[in-house]
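Following: one structure in structure tokens, then a few remarks.
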Amino acid sequence: DVLMTQTPVSLPVSLGGQVSISCRSSQSLVHSDGNTYLHWYLQKPGQSPQLLIYRVSNRFSGVPDRFSGSGSGTDFTLKISRVEPEDLGVYYCLQSTHFPLTFGSGTKLEIK
Amino acid sequence: QVTLKESGPGMLQPSKTLSLTCSFSGFSLSTSGMVVSWIRQPSGKSLEWLAAIDWDGDKYYNPSLKSRLTVSKDTSNTQVFLKITSVDTADTATYYCARSGDFDYWGQGVMVTVSS
């Protein structure tokens, strides 16, 4: 299985600040079709995960441009700028290039 | 508008078979490229992908649980089912279904507790 190593585990932030979350995979996430299937989700307390970024850097419909994704191969980053209260929760990365699909262990974004 | 909703027994005893239903609208599983997955999340833990079924009826399973899982869909292509046999306390979790590919839409989840 592809191991998704997500860091940090916890991320204190001041409102209005900027943060980065890292997700590293144990093997390349470039699919044979040329796409890289690495996605980012936010799970707010008591809710199901919601898609933020798909295929490394594409913002899902309605996601503010404060969220951006980057990376390639095995190394990926989610950046959040001008953090707002609604951004708090647990962030997960997911790879769907290789079966079985695997998630990162999560990063909890909390107020400093 | 795409929506998915999971339903299940809530609680069941060890060694029984867990049966879950994902009812969805706003898309059809008969459309080429469509896939629906099952994912679960024990309380306070990360997410685990379990199984998926695609528009063509092809099925995909997590090898760690494959022998216990069966995914299927109905003929109207508006429901997907998951059965997990021989459950034990480690299967206690919230179970989600999601439209796959990019996992863009998720259900609200159904909590399942395995307890004697």
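The values are calculated or read from the model by the stated rules, or taken from the named source; none is laboratory data. If you're wondering where the values come from, they're calculated on a predicted model, not measured in any experiment. Using ideal geometry, Cβ is built from the backbone for each residue, glycine included, and neighbour counts are taken over all protein chains shown. Heavy atoms of the whole protein, side chains included, go into the accessibility calculation; ligands, DNA and RNA do not. Shrake-Rupley method; radii C 1.70, N 1.55, O 1.52, S 1.80 Å.
Heavy-atom accessible area buried between chains A and B is around 1500 Å² (1.4 Å probe, both sides summed).
Give the average over all directions of the projected area of the C-alpha convex hull of chain A, one decimal, in nm². Don't skip to the answer; put the middle values down first.
Values: hull surface 26.2 nm².
Answer in nm², one decimal: 6.5.
Rg to Rh for the protein assembly as shown: what is it, with Cα atoms only and Rh by Kirkwood? Please report the intermediate quantities before stating the final value.
On the way: Rg = 17.4 Å, Rh = 18.0 Å.
Ratio of gyration radius to Kirkwood radius: 0.96.
For chain B, dividing the convex hull volume of the Cα atoms by the residue count gives 96 Å³ per residue. Between amide H atoms placed 1.01 Å from N, distances below 5 Å from B:Leu50 occur with B:Trp38, B:Ile39, B:Arg40, all of them 5 or more places distant or on a separate chain. Farthest toward the positive end of the dipole of the range A:1-91, out of A:Gln18, A:Leu38, A:Ser61, is the Cα of A:Gln18, where the dipole comes from beta carbon charges about the Cα centre.
Annotation for B:Asp56 and B:Thr85: the two label points, set 7 Å from Cα along the Cα-Cβ direction, are 2.7 nm apart.
If R0 is 35 Å, what FRET efficiency do you get for B:Lys66 and A:Thr7 from their C-beta distance, rounded to 0.05? The value I calculate is 0.70.
Expressed in units of 2.2 N^0.38 Å, where N is the residue count, the Cα radius of gyration of the range A:15-67 is 1.32. When the charge dipole of the range B:1-56 is built from unit charges on Cβ atoms (+1 for Lys and Arg, -1 for Asp and Glu) and taken about the Cα centre, the candidate among B:Ser37, B:Ala51, B:Ser15 whose Cα reaches farthest toward its positive end is B:Ser15.
Taking a threshold of 31 Å on the Cα-Cα distance, which of the pairs A:Lys79/B:Lys83; B:Lys45/B:Lys83; A:Lys112/B:Lys5 fall above it? Each step should come with its number before you reach the end.
Numbers: A:Lys79/B:Lys83 38 Å; B:Lys45/B:Lys83 22 Å; A:Lys112/B:Lys5 35 Å.
The answer is A:Lys79/B:Lys83; A:Lys112/B:Lys5.
Can you give the net charge of the other residues whose Cβ lies under 11 Å from the Cβ of A:Pro100, counting K and R as +1 and D and E as -1? Numbers along the way, then the final one.
Values: positive: B:Lys66; negative: A:Asp1, B:Glu48.
In short, -1.
Under 5 Å from the amide H of B:Lys16 lie the amide H atoms of B:Val87, each residue being 5 or more positions distant or on a separate chain, with H modelled from the backbone and absent for Pro and chain starts. Please give the Cα centre distance for the range A:26-55 versus the range B:45-116, rounded to the nearest Å. Answer, in whole Å: 18.
For the protein assembly as shown, a crude dipole built from +1 on the beta carbon of Lys and Arg and -1 on the beta carbon of Asp and Glu, taken about the Cα centre, is about 300 debye to the nearest 20.
To the nearest 0.05, what FRET efficiency results for A:Lys108 and A:Asp75 with a Förster distance of 30 Å applied to their C-beta separation? Please list the in-between numbers first.
Working: r = 21 Å, r/R0 = 0.71.
In this case the efficiency is close to 0.90.
Sequence-distant contacts, meaning Cα pairs under 8 Å at least 6 residues apart, place the relative contact order of the range B:2-82 at 27 percent.
The residues of chain B expose, per residue, 46 Å² of accessible area to a 1.4 Å probe.
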